[in-house]
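S.K.: One structure, pasted below without further comment.
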Amino acid sequence: MATAYVRGVSWASCLAFHKDEKTWIHLVDRRSKIEVPAKFYTDALVIFHHVNAYEENGHLILDLISYTDNSLYDMFYLKNLDGSFEETAKIPSLPCCKRFVVPLQFDKDADVGLNLVHLPSTTASAVKEKDGSIYCQPEIVCEGIELPRINYDYNGRKYRYIYAAGVKWSPVPTQIVKFDILTKRKLRWEEEHCWPSEPVFVPSPNAKEEDD
């Protein structure tokens, strides 16, 4: 990828997606600067944007937007960006906001097949495998949003609201979405002939609540 410009190729051509491979989750202790020895993984996925991450009761909560394949890479080649792009371009894999919950404190001698997540607020799981690795399966938080933003006063902290561009099966956003993680409700804005981009959260002066 570092030589892509010299070779006259796009960065996307330097990447390959392997649908049958694992996605490994690497954690580094911010205090010691040492990688956590436990091996965490999930199924193959493509990630463009992370939403937020924070610790809660011995778990790492990791929210991100992912796809099940790499079709979005190919969609934005110049040869495909013609006048009919908006009408013809369709996303085979809908962007999905997923919540992974990674246990930071668990019994190393736990039984194989045991779910190590003990948070009642999520359906995400982290199951110990025979080789000692931890298989993480996410909770599906929301579908059809991209370019996520939050109130960055809550960056690295427990939070409630995501602001994002709303997309369906086309990569062209047509909505701005405010998503409530607690209630799973969406507040949408859209207008004819308007194509919003990444929203930016601007807090009110003297704001008291996260979404003020």
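Values quoted throughout were computed directly from the atomic coordinates according to the rules given, and no laboratory measurement underlies them. Just so you know, these numbers come straight off a predicted model, no measurement behind them. For neighbour counting, all protein chains shown are included, and Cβ atoms are generated from backbone atoms with ideal geometry for every residue, glycine included.
S.K.: Per residue and in cubic angstrom, what volume does the convex hull of the Cα atoms of the range 133-212 have?
M.R.: Expressed per residue, the convex hull around the Cα atoms of the range 133-212 is 130 Å³.
S.K.: With Rg and the Kirkwood Rh both taken from Cα atoms, where does Rg over Rh land for the range 165-206?
M.R.: 1.03
S.K.: With labels modelled as points extended 7 Å from the Cα through the Cβ direction, what inter-label distance (nm, one decimal) is found for Lys178 paired with Thr68?
M.R.: 3.2 nm
S.K.: Now for a different question. Only sites in a loop by DSSP and with at most 14 other Cβ atoms within 10 Å count here; which chymotrypsin sites (Phe, Trp or Tyr not before Pro) in the range 106-177 make the cut?
M.R.: Sites meeting the loop and neighbour criteria: Trp169.
S.K.: In debye to the nearest 20, how big a dipole does the chain give about its Cα centre with +1 on each Lys and Arg Cβ and -1 on each Asp and Glu Cβ?
M.R.: Roughly 340 debye, rounded to the nearest 20.
S.K.: Summing Lys, Arg as +1 and Asp, Glu as -1, what charge do residues with Cβ under 9 Å from the Cβ of Thr68 carry, Thr68 excluded?
M.R.: -1
S.K.: Also, I was wondering about something else. Anyone know which of Ser93, Ser32, Ser133 comes out most mobile in the 10 Å Cα GNM of the chain?
M.R.: For the chain, modelled as a Gaussian network with Cα springs under 10 Å, the answer is Ser32.
S.K.: Rounded to two decimal places and with Rh computed the Kirkwood way over Cα pairs, what is Rg over Rh for the range 89-181?
M.R.: Expressed as Rg/Rh, it is 1.08.
S.K.: Among Thr68, Val9, Leu104, whose Cα sits farthest toward the positive end of the charge dipole of the chain (+1 at Cβ of Lys/Arg, -1 at Cβ of Asp/Glu, about the Cα centre)?
M.R.: Positive-end residue among those listed: Leu104.
S.K.: Filter the GluC sites (Glu not before Pro) in the range 159-212 to those in DSSP coil with at most 11 other Cβ atoms within 10 Å of their Cβ, and list the result.
M.R.: Glu191, Glu192, Glu209
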